[in-house]
Each structure stands twice: as C-alpha cells, then as structure tokens.
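Please treat every number below as a calculation from the coordinates, not as lab data. Quantities reported herein were computed from a predicted structural model and do not represent experimental measurements.
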Amino acid sequence: MRISVLRAVTGAAGAALLGMGVSLLLGVRDLTDVLVWLGGAVVLHDVLVAPLVLLVGLVLPRGGVRGPVRGALLVAGALTVVALPPLLRPGPRGNPSVLPLDYPRDWLLALVAAATATAVLVTARGVRRMRRRPPS
C-alpha cells in the first residue's frame with residue numbers, strides 16, 4: 001500500500017502536534033479540570049455537533065454543496081466548543097490580562113471566515129460545473 005507524500009506529511013505534523021499537546025499537559029498542576037473540559041468537549045461534539053452535521057448533510061442536495069457545508073459546520077462546531085469557556089463567562093475580570101481579547105467578536109469573525117470560504121468554494125464548484133456543460 002502506497003501512502004501519498006501529502007498524507008505522510010499531514011500525519012507527521014499531526015503526530016508532532018499531539019506530542020506537543022501531551023508535553024504541555026504534563027506541566028499542568030490540576031489535571032482534573034483539563035480532563036473534565038476535554039471530556040466535555042468530546043461529549044458535546046459527539047452528542048450535538050456531529051449529529052447536527054450529519055442531519056444537515058442528509059437534507060442538502062448532492063451537487064457539490066454537501067461536502068463543503070458539512071465541513072464548514074464541523075469547523076463552526078469545533079470553534080464554538082473551543083470558544084465556549086470565554087463566551088460563557090463574559091464580564092469584568094479581576095485580572096485584565098487573563099482574557100485580554102474580545103472573544104465573542106473574534107469567534108464571530110472566525111465563523112464568518114469559515115462561511116465565506118465555504119461560499120467561495122461552492123461558487124467556484126458551480127462555475128466550474130457550468131463551464132463543463134456543453135451549450136444546449
């Protein structure tokens with residue numbers, strides 16, 4: 001079985017990032033909170049995000065739209081799961097350096113970027129499909 005170069009490089013990058021994540025976890029003093037958060041993220045993904053993406057995929061037509069929209073929904077779901085802690089605890093903080101950024105705005109900008117990239121991809125596929133069709 002041959003593995004493409006892109007697949008091998010992607011796998012190696014994923015393994016390197018996984019190793020970096022594990023090394024960062026080893027330095028955490030209260031590992032219980034991190035494990036609860038990670039477990040909650042997995043449950044939230046498996047109970048809410050993945051079923052919604054699959055249901056939307058069943059409703060959408062097959063012609064080049066289904067894959068990109070499902071991918072965008074997965075990205076939006078993952079962004080939302082990661083952004084939930086700062087999104088659910090808005091308001092003033094005792095230490096302004098703890099969460100110094102405008103997380104709701106940045107989360108929305110990331111969702112808009114994912115939606116825009118999806119719209120561009122779907123439009124490009126539609127244009128390409130129209131160019132392939134012989135004139136009637």
Tell me which label goes with the value of Rg and Dmax of the Cα atoms in Å computed from the coordinates here: (1) 16.0, 61; (2) 19.8, 69; (3) 19.5, 64.
(2)
By its C-alpha gyration tensor, with a ≥ b ≥ c as the square roots of the eigenvalues, how is the stretch 1-49 shaped: rounded for a/c under 1.5, else prolate for a/b larger than b/c, else oblate?
oblate
